[in-house]
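K.L.:
Here you go, one structure.
The values are calculated or read from the model by the stated rules, or taken from the named source; none is laboratory data. Note that the coordinates shown come from a computational prediction; the quantities given were computed from them, not determined experimentally. Note that each Cβ is placed from the backbone with ideal geometry, even for glycine, and that neighbours are counted across all protein chains shown. Please note that ligands, DNA and RNA were not included when accessible areas were found on the heavy atoms of the full protein model with its side chains. Shrake-Rupley method; radii C 1.70, N 1.55, O 1.52, S 1.80 Å.
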Amino acid sequence: MAILLTGAAGFIGYHVADRLLARGETVIGIDNLNDYYPVTLKRDRIADLEERRGDAFRFLTLDFSDHEALDRGLDGHAIDRIVHLGAQAGVRYSIENPRAYIQANVVGHLNILEFARHRAVSHLAYASSSSVYGGNTSLPFRVEDRVDHPVSLYAATKKADELMSETYAHLHRLPQTGLRFFTVYGPWGRPDMALWLFTKAIFAGEPIRVFNDGAMRRDFTYIDDIVAGILACLDNPPADDGAEKAGGSHAPHRIYNIGNNTSVPLLRMIDVLEEACGRPAIRRAEPMQPGDVRETYADLGAIARDLGYAPTTPIEIGIPAFVRWFKAYHRLG
């Protein structure tokens, strides 16, 4: 039985596929290869997996927001578990192109739920986001907190996903785990994220845009720690025992934060990046952006208690690792 991985050509999807394949799993990866950021990077990730992991990995170009294409493309494939990471990402882009978010993140999530229900999969682990916490001022963010006031449409779609999953867990007893990721970074990362943008600008001798005059903090989480959390969740589906789960559900559905449990000032991140790059950044102060939040900080109490999750990678280790990969990928010497 294979594991279905959506968003397989994406940043987190690539690393999850690699880790699953390394431990001997069979993975069917799907992705629509959209052009939100350069498709070349997505194809390079898939090519790397195919070259190193061989026949245990099968990639299909599929758009899961098209339910007929999803069912047709996966017909005949035996699937036991699903890691649903595919989505239209990006907070700011959701302001410019809202319909893409509803189609991919809401319609697409429903299609995966329906697929999982009809295939009677044993566990669906899906990506939510720390953005659901919106402008919450109570820190660190806990899965028990109310998340009723999103400040971006992206966040609203992720909250909608959690609600739909709760409904399917209640009605159809479909075991699910929702994962609220906190500012993931690392090799093979996303070009729209701050660390990539800053690194690219520093090596090009161009200014970096420092929003809110740098008065921001993020719970930067290295990709290896994120993947460790995802696999721990995948391997331990919630029981259908009526007990209250992380996030408050009594159905077989739980929600966890996956972060680093450390809120790092943005200016500290830039300092570490400058040191890793071996040159200073040209810092250009800009105002806060619509849909952005000043601080994120993950409380890991629930996932630590249930699964023993503990991140191990501070930015002083993770950022230099990203820079080394960035230089090698772009042949910067």
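Residue-by-condition table, conditions (1) assigned to a loop (DSSP other than H, G, I, E, B); (2) at pLDDT 95 or above; (3) over 21 Å from Ala8 (Cα atoms); (4) out of contact with any strand residue (DSSP E or B) (no Cβ under 9 Å at 6 or more places or on another chain):
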| residue | (1), (2), (3), (4) |
| --- | --- |
| Gly108 | no, yes, no, no |
| Leu113 | no, yes, no, no |
| Val121 | yes, yes, no, no |
| Leu124 | no, yes, no, no |
| Val132 | no, yes, yes, no |
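K.L.:
Considering only the stretch 14-33, state which residues are farther than 22 Å from Arg117 by Cα and of a type in the set (Gly, Ala, Ser).
P.N.:
Answer for the stretch 14-33, where residues must be farther than 22 Å from Arg117 by Cα and of a type in the set (Gly, Ala, Ser): Ala17, Ala22, Gly24.
K.L.:
I'd like to check something: does the stretch 50-59 contain any residue that is assigned to a helix (DSSP H, G or I) and buried (at least 19 other Cβ atoms within 10 Å of the Cβ)?
P.N.:
no
K.L.:
A further question follows. Which pairs have Cβ atoms under 6 Å, sit 6 or more apart or on different chains, and link a residue in the stretch 122-149 that is at positive phi to one that is at pLDDT below 95 and open to solvent by 10 Å² or more (accessible area, probe 1.4 Å)?
P.N.:
Close Cβ pairs satisfying both conditions: Gly134/His149; Gly134/Pro150; Gly134/Val151.
Let's see how each residue does on (1) of a type in the set (Ser, Thr, Tyr); (2) touching a helix residue (DSSP H, G or I) at 6+ places or on another chain (Cβ under 7 Å):
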residue: Phe211; (1), (2): no, no
residue: Phe220; (1), (2): no, yes
residue: Pro280; (1), (2): no, yes
residue: Arg294; (1), (2): no, yes
residue: Tyr297; (1), (2): yes, no
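Listed here are the residues, each with its yes/no results for (1) more than 23 Å from Val184 (Cβ to Cβ); (2) open to solvent by less than 60 Å² (accessible area, probe 1.4 Å).
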{"residue": "Arg23", "(1), (2)": "no, no"}
{"residue": "Phe64", "(1), (2)": "no, yes"}
{"residue": "Glu68", "(1), (2)": "yes, no"}
{"residue": "Asp80", "(1), (2)": "yes, yes"}
{"residue": "Gly86", "(1), (2)": "no, yes"}
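K.L.:
Within the bounds of the stretch 176-195, is there any residue that is basic (Lys, Arg) and either within 19 Å of Gly7 (Cβ to Cβ) or surrounded by 21 or more Cβ atoms within 10 Å (Cβ to Cβ) (or both)?
P.N.:
Yes: one or more hits.
K.L.:
Can you run down the residue pairs with Cβ atoms below 8 Å, 6 or more apart or on separate chains, where the first is in the stretch 200-215 and under 15 Å from Ala285 (Cα atoms) and the partner is of a type in the set (Phe, Trp, Tyr) and open to solvent by less than 60 Å² (accessible area, probe 1.4 Å)?
P.N.:
What qualifies is Ile208/Phe198.
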